Amino acid sequence: MRPPWLRTARRFGSRTASRSAAVVVTTAVVLALPAPVDAAGLPPQRPVSAVDPLIGSANGGNTYPGATLPYGMIAWSPTSTTGDQTSTGAANGYQYDTTRIRGLSLTHVNGAGCNPGAAGDVPIMPFVGDVTSSPSADTKDAVYAADFTHAEEKAVPGRYTLGLKTGATADLAVSERAGVADFGFPSNRPANLLFRVSNSLNGSQDAHVDIDAAHRKVTGWVLTGAFCGRRANGGTNNRKSYYKLYFSASFDRAFSDFGTWKDGTLSAGSASASGGEGYATGADRAGRGSGGYVGFDTSSDNDVHMRIGISYVSLGGAEANLRGEIPSHASVAEVADEGARAWDRELSTVRVGGGTSAQRTTFYTALYHALMQPDLISDADGRYYGMDGAVHRLARGQRAQYSNFSGWDQYRAQIQLLALLKPRIAGDFAQSLYNFAQQNNGVWDRWVHISGATHVMTGDPSAATLATFYAMGVRNFDYEGAFDSLVRQATVPNADGLSDAGCPGQCVGQRPNLAQYLTSHYAAQDVCHCWGGAAETLEDAVADSALARWAKLLGRDQEAAVLAERGAYWRNVFNPAATADAGYIQARRLDGSWVGPFNPGSDLGFAQGTSATYTWMVPQDVQGLAAAMGGREKAAARLDAFFHAADGSWSVRGGDPLRYDPTNEPGIHAPWLYNALGQPWKTQATVRQILDTVYGTGPSGLPGNDDLGTMSAWYVLSALGLYPQSPGSASMLLGAPLFPSAVVDRPGGTDLTVAAPGADAAHPYIDAVRVNGRPAQRSWTDADLTTKGGRIAFRLAEQPNTWWATDPSGLPR
């Protein structure tokens, strides 16, 4: 089939007439914007009712369905098993198609790509039967695991309920740092809870459990870490510990029996045990580890009520967090109700009206996933465990220490959404990352998990992230100190930049081989000490461009000029003669020669992507990229081929190394590049195709790894008709909204309202736009709309308007 813009496009008799029509149609919308309504014309339900936490739990989305709150420390969710105690079949412990579990774990990371990723700490398993052997010896999960069906599973924000085929049930609800559970057991069978303290997803260095029968308590900790510790490319570099999770659980009834185990030895009546599993895989780890169990007499009352608190600081911190957050007699229903209200407050930050039920479910679930992170790691008293191994208190003015920063992913969409909706959280997160850098000899790590520097991925995403926060109006962090620190790392070579430890994939240098980069003006593939020289050059150019914008806003013009020049270093890895008919981004050696033989579908010189994808990763200079390709028309024609197969059909679902891949980050901005190329109607058509066919409801509703809310944030922003123009900027590119109306709360300021009364499946194109009541002939907004709020109204059409926003003088740069 032909792309939709090749069909007959509606043209106007004059551009003046088009503008006049826009004035008539949209003025009423701007002056009397109605409250959002659903498709039936009724006020919308609570946003929380539209969320399905199971979306993304299949198809490699790597989300988890368990109970958690916005930015919460605790995330109580199943650990599944495929018959191997050292593997779950999924990166974050849960895979929809795997219907057997070995416990309900207290911590998770949303949508990370490594398998297993991280966390999954302290699985707690309701076990029906007598404990007669060590659960660690059950290496195939044949005995101390249980099957379930999805008919017996229910997941809603803040609450998770599961029924097992053994007859046991679990009903979980959480606060930020604590949780409550009702475990049900058959009244005529032995009832036990197993605390698998050492069985984190990646294993553990050490673990400990104590059983206090007199006070009906189980306490303990696990020393672990090892994010991405099993990667073939450098994974051994991360087989290390960098945090200790403490827990304290108390019960409403006495224990009928108890015991512990270590490795293959079960000790009935023992009240203490220790031992880790290590970080190896398969037989080298199987059968190792420690834990404890407590039994209950359920003959007259088969419900066991448990309260649990966690902390990354101390056992006392875990108990204080529990006392402070969950009243001693609170029920699961009461805690769940408060959790639902917390989620409603967060999700109501964006109130959409209209659309179909499926679209609202997809939208609010995406918003839910996007606002899961960053995650609390500080206790209620403000203490947290730092990257230097010491306990710290919050910086002055900081309200929480956050972590779990998937920088290479998040800086492209999730960071912008966070800054737009939750600037206070964004500022505390920025301060958190700066705190970590100060504790890490000034080095900003690109993938921070809890208090660990994991070095995963490539580039310098912290620079892009904090520059974006500042540009979007976030000020509640030490922005002068953070800027100075990031610029120092970008200008002063560090010894770790010459290390190959962890390479590729987990190279330790924040700016690998910086001295060579500053001399050559590109990262040389043969000496870069990085994942891929071409990718590293593009990433650093984006980061430097973002820092230049930040410097300009700070009035530091000299630094701005130097960094802006470095933002153009992408040109040094663009080979105009890469193929016989087209130029591409290509890796170079130190001597200046191109690395070959070249194939645009190859990942040589790149990180998790091909040259065909990375060639478009120049969001800071799209006009320069287009010129290098021979002009905007030629660049647009190449972009057409990036989204369509040879027969003209769409190719936006991934799987073709020469075309768009919605499952990974380097190219997710590419559908929006048409705006800068003077053909914005193609952005509108392409984005709508992706929204309609790549995302959806059900477990497979995400295209791939959610990457700590990044793919979900892409959907939220695109559905609103807005997308970040470039890191370090508050400008937004415009597309066609999916919903007739939306209101975006701007804390302490004017809301951002989006009106598109004609939005439906038959109207995917922009016909005209008004911003704050005035006609707009640009396909982008300046910073004021996102930092100060305002109104943007769209008139949508069935066919593309090929005149709107095409004047070369008004194109995004």
*Restricting the search to the range 637-670, which residues are under 27 Å from Gly810 (Cβ atoms), among the small types (Gly, Ala, Ser) and either part of a loop (DSSP other than H, G, I, E, B) or within 30 Å of the chain's Cα centre (by Cα) (or both)?*
Ala641, Gly667, Ala670
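What tally of residues in the range 56-104 results from selecting those that are over 25 Å from Phe363 (Cα atoms), in a strand (DSSP E or B) and touching a residue at least 60 places away in the same chain (Cβ under 8 Å)?
Filtering the range 56-104 down to residues over 25 Å from Phe363 (Cα atoms) leaves 79-89, 98-104.
With the extra rule that they be in a strand (DSSP E or B), the set shrinks to 79-80, 100-104.
Okay, now just the ones that are also touching a residue at least 60 places away in the same chain (Cβ under 8 Å), so 79, 101-104.
So the count comes out to 5.
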*asked:* Please determine whether any residue of the range 544-552 is more than 25 Å from Met732 (Cα to Cα) and crowded, with 24+ Cβ neighbours inside 10 Å.
replied: no
*touching a Leu at 6+ places or on another chain (Cβ under 7 Å), touching a residue at least 24 places away in the same chain (Cβ under 8 Å) and more than 21 Å from Asp603 (Cα to Cα), is that true of Leu514?*
no
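Suppose we filter Ser248, Ser267 for residues that are in a strand (DSSP E or B), modelled with pLDDT of 95 or more and surrounded by fewer than 23 Cβ atoms within 10 Å (Cβ to Cβ); which single one remains?
Values: Ser248 fails: surrounded by fewer than 23 Cβ atoms within 10 Å (Cβ to Cβ).
Ser267 is the lone residue from the list that is in a strand (DSSP E or B), modelled with pLDDT of 95 or more and surrounded by fewer than 23 Cβ atoms within 10 Å (Cβ to Cβ).
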_Residue among Thr710, Thr683, Thr697 that alone is over 27 Å from Phe469 (Cβ atoms), among the hydroxyl-bearing types (Ser, Thr, Tyr) and touching a helix residue (DSSP H, G or I) at 6+ places or on another chain (Cβ under 9 Å)_ = Thr697
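With free of Cβ contacts under 8 Å to residues at least 40 places away in the same chain and either part of a helix (DSSP H, G or I) or closer than 15 Å to Leu590 by Cβ (or both) as the only criterion, which of Ala564, Ala534 stands out? Step through it out loud before you land on a result.
Numbers: Ala534 fails: free of Cβ contacts under 8 Å to residues at least 40 places away in the same chain.
The conditions single out Ala564.
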*Quick one: is Ser651 over 27 Å from Ala464 (Cβ atoms) and touching a Lys or Arg at 6+ places or on another chain (Cβ under 9 Å)?*
yes
*Might you check whether a residue that is assigned by TED's automatic domain parsing to the domain that holds Ile310, surrounded by fewer than 24 Cβ atoms within 10 Å (Cβ to Cβ) and part of a loop (DSSP other than H, G, I, E, B) occurs anywhere in the range 330-352?*
yes
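Within the range 270-285, work out how many residues are surrounded by fewer than 20 Cβ atoms within 10 Å (Cβ to Cβ), modelled with pLDDT of 95 or more and within 32 Å of the chain's Cα centre (by Cα).
0
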*Taking the range 782-796 as the region of interest, how many residues are under 19 Å from Tyr674 (Cα atoms) and buried (at least 21 other Cβ atoms within 10 Å of the Cβ)?*
2
*Scan the range 398-418 and give yes if some residue there is at pLDDT below 95 and either in contact with a Pro (Cβ under 8 Å, 6 or more places away or on another chain) or outside the structural domain of Thr458 (by TED's automatic domain parsing) (or both), otherwise no.*
no
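Which members of the range 627-636 meet the condition of being farther than 14 Å from Ile585 by Cβ and in a helix (DSSP H, G or I)?
If we filter the range 627-636 for residues that are farther than 14 Å from Ile585 by Cβ, which is where we start, we get 627, 630-634, 636.
Within the range 627-636, Ala627, Arg632, Glu633, Lys634, Ala636 meet the criteria.
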*List, please: which pairs have Cβ atoms under 6 Å, are six or more places apart or on different chains, and start with a residue in the range 248-273 that is within 21 Å of Leu106 (Cα to Cα) and end with one that is part of a strand (DSSP E or B) and of a type in the set (D, E, K, R)?*
Ser250/Lys217; Ser250/Arg307; Ser272/Asp210; Ala273/Lys262
*Of residues in the range 604-660 being basic (Lys, Arg) and in contact (Cβ under 8 Å) with a residue 12 or more places away in the chain, the one surrounded by the fewest Cβ atoms within 10 Å (Cβ to Cβ)*: Arg653
*Only residues in the range 767-789 that are in contact (Cβ under 8 Å) with a residue 24 or more places away in the chain and closer than 24 Å to Ala685 by Cβ count as the first member; pair them with residues that are assigned to a helix (DSSP H, G or I) and β-branched (Val, Ile, Thr), Cβ under 7 angstrom, at least 6 apart or cross-chain, and list the lot.*
Ala768/Thr26; Arg770/Thr26; Arg770/Val30; Pro775/Val23
*Got a number for residues in the range 732-774 being within 21 Å of Thr806 (Cα to Cα) and among the acidic types (Asp, Glu)?*
1
*May I ask you to say which residue of Val562, Val573 is touching a strand residue (DSSP E or B) at 6+ places or on another chain (Cβ under 9 Å), farther than 14 Å from Gly459 by Cα and among the β-branched types (Val, Ile, Thr)?*
Val573
*Where residues in the range 134-172 are among the β-branched types (Val, Ile, Thr) and in contact with a helix residue (DSSP H, G or I) (Cβ under 8 Å, 6 or more places away or on another chain), which of them is nearest to Leu266 (Cα to Cα)?*
Val143
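Within 24 Å of the chain's Cα centre (by Cα) and either modelled with pLDDT under 95 or part of a loop (DSSP other than H, G, I, E, B) (or both): does that describe Asp591? I'd like the intermediate steps shown before the answer.
Numbers: within 24 Å of the chain's Cα centre (by Cα): no; either modelled with pLDDT under 95 or part of a loop (DSSP other than H, G, I, E, B) (or both): yes.
It is false that Asp591 is within 24 Å of the chain's Cα centre (by Cα) and either modelled with pLDDT under 95 or part of a loop (DSSP other than H, G, I, E, B) (or both).
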_Residues of the range 567-588 classified as surrounded by 22 or more Cβ atoms within 10 Å (Cβ to Cβ) and assigned to a loop (DSSP other than H, G, I, E, B), total_ = 3
*What number of residues in the range 683-716 are out of contact with any strand residue (DSSP E or B) (no Cβ under 8 Å at 6 or more places or on another chain), surrounded by fewer than 24 Cβ atoms within 10 Å (Cβ to Cβ) and at pLDDT 95 or above?*
10
_Residue satisfying condition, being of a type outside the set (Phe, Trp, Tyr), touching a Gly at 6+ places or on another chain (Cβ under 6 Å) and assigned to a loop (DSSP other than H, G, I, E, B), within set Pro800, Pro737, Pro699, Pro703_ = Pro737
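The values are calculated or read from the model by the stated rules, or taken from the named source; none is laboratory data. Here the structure is a predicted model, which means the values were calculated and not measured. Glycine also receives a Cβ, built like all others from the backbone with ideal geometry; neighbour counts cover every protein chain displayed.
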